[in-house]
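First comes the structure, then the notes that go with it.
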């Protein structure tokens, strides 16, 4: 459905024939996956024990393998996200007071800081992997419907669905305008001309989007829009979903037990 | 800009989550169903804009544009940003689920402040007064950044790390240069009054966001003090970029489609 948000699976309602071929995780009830992922994130961020966090990262990795994520796109994502953490992880050993284990150009690294850095890295990656495996493979619109079925306010869900719907449209428009700029010899540099040009580009996108939203509103009114939207699909959870939920609950309790006992 | 999972302490996470939830709830209540397509489409544009990279020296920065977002969407900036951050967390892996609330507050609250601050100046009937207020605001903001820069500089002086001092002073000099340049453009009449308000809003929102990120890091533990300072220092160039870009955008909008500024009630 959307290029920008990356390749995603087909809809969660697959027919019998496809179901046997699809990965198991993708055929589970989106609501269950969403809930499990949120609970997993909360549990992991509450943990402080190295052993438990390593286990959590293992679970995340296992889920990713299980979901058969495309290898290269996944690696690229993880590298990008980890480069964000790098600054924090590199400075932490030097800024946290504690027992000195080694020094580097007159900066002293502490054991506590090193552990803290490892903790942050493990937590972030464990959550990232589980997120990619459980929700990342969902189609964005399915995620929106699952959010609605989980009693998220309807207006927020519709905002979500509208945004998802038009991200791709405006990404294409952005690409077209960039192409037009390129054809006129625009090369981005660090100068005022670049900033002004890109500023105008954003401005034009806003202007066009407002005009488009007026057309959308008119089309909606033409079809009898009365301030309500209807979400038609009903999500049912089968025995497999229940088994998955129970297994995840046991795993989460196990993680907590390892971390705190 | 994004804080990753695992860094913040639990009280900060919970506090941020509650604040974000109440902000989103309040602005959803204010949002008319008729405005939904408009807000959705605009928030898609801002999502795409956040994918644009602007070259900056040897590297590049991606746009955040929360100042512009606040000016155009007003209160609706809160749910729009929450949705965008959720999408980024789920499909790009930037940020995470547990920090979603904190990130939303850190970006949306500055956007709202800029909305309250700049909305009046952008559409003021009394041009002279808008100019005066813009001058005053510029002065205050300029002094604050200089002060923040010096405070950080002295901190680093005590620690004695030569590398960080250089980075800090270079980015501070760069930023004050850009601020002065923006003021110069505005004085010469190249930048309109509305454009100057956009410049102030664009850079102020990034400054506030950097400060809020630094605060949420510092609240989470002593050990993040250095990282918190680094966040503010690293955002001086971003402030310059976003300020000038927002100025250009606002100038275009006021000429081409002024009703964009009142698109959402």
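A few comments on the model shown:
- Test item: B:245-255 mean partner chain Cβ contacts at 10 Å: 6
- Distance in nm between pseudo-label sites at residue B:147 and residue B:9 (7 Å out along the Cβ direction from Cα): 2.7 nm
- Prolate/oblate/rounded label for region A:113-261 (Cα gyration tensor, a/c 1.5): oblate
- Förster radius 25 Å - calculated FRET efficiency between residue B:62 and residue B:190 (Cβ-Cβ, nearest 0.05): 0.40
- Label-reachable residues, region A:224-261, where backbone N falls under 12 Å from a point 7 Å from residue A:49's Cα toward its Cβ: A:253-261
- The residues B:60, B:192, when put in order of fewest to most other Cβ atoms within 10 Å, stand as B:60, B:192.
- Inter-label distance, nm, simple model (7 Å from Cα along the C-beta direction), residue B:215/residue A:242: 4.9 nm
- Shape class for chain B: oblate, because the ratio a/c of the largest to smallest gyration tensor axis (alpha-carbon atoms, square roots of eigenvalues) is 1.5 or more and b/c is at least a/b.
- Using 0.36 nm per residue and subtracting the Cα-Cα separation, the extra length available between residue A:61 and residue A:222 on full extension is 53.1 nm.
- Computed P(r) (all Cα pairs; region A:153-222; 5 Å bins; percent): 4, 13, 18, 22, 15, 11, 8, 6, 3, 0
- Region B:52-88 residues near the modelled residue A:182 label - backbone nitrogen below 13 Å, point 7 Å along Cα→Cβ: none
- Partner chain coverage, peptide A:130-139 - average Cβ within 10 angstrom: 3
- With all pairs of separate Cα atoms included, chain A yields a Kirkwood hydrodynamic radius of 22.1 Å.
- Pairwise FRET efficiency - residue B:256 versus residue B:181, Cβ, R0 = 30 Å, nearest 0.05: 0.75
- Extension gain, residue A:39-residue A:258: 0.36 nm per intervening residue step, less the Cα-Cα distance, totals 77.2 nm.
- Tensor-based shape of the protein assembly as shown (alpha-carbon gyration tensor, a/c under 1.5 rounded, otherwise prolate or oblate): oblate
Each value in this text was obtained by applying a stated rule to the coordinates, not by laboratory testing. What you are looking at is a predicted structure, and each value in this text was computed from that prediction instead of being measured. Note that each Cβ is placed from the backbone with ideal geometry, even for glycine, and that neighbours are counted across all protein chains shown.
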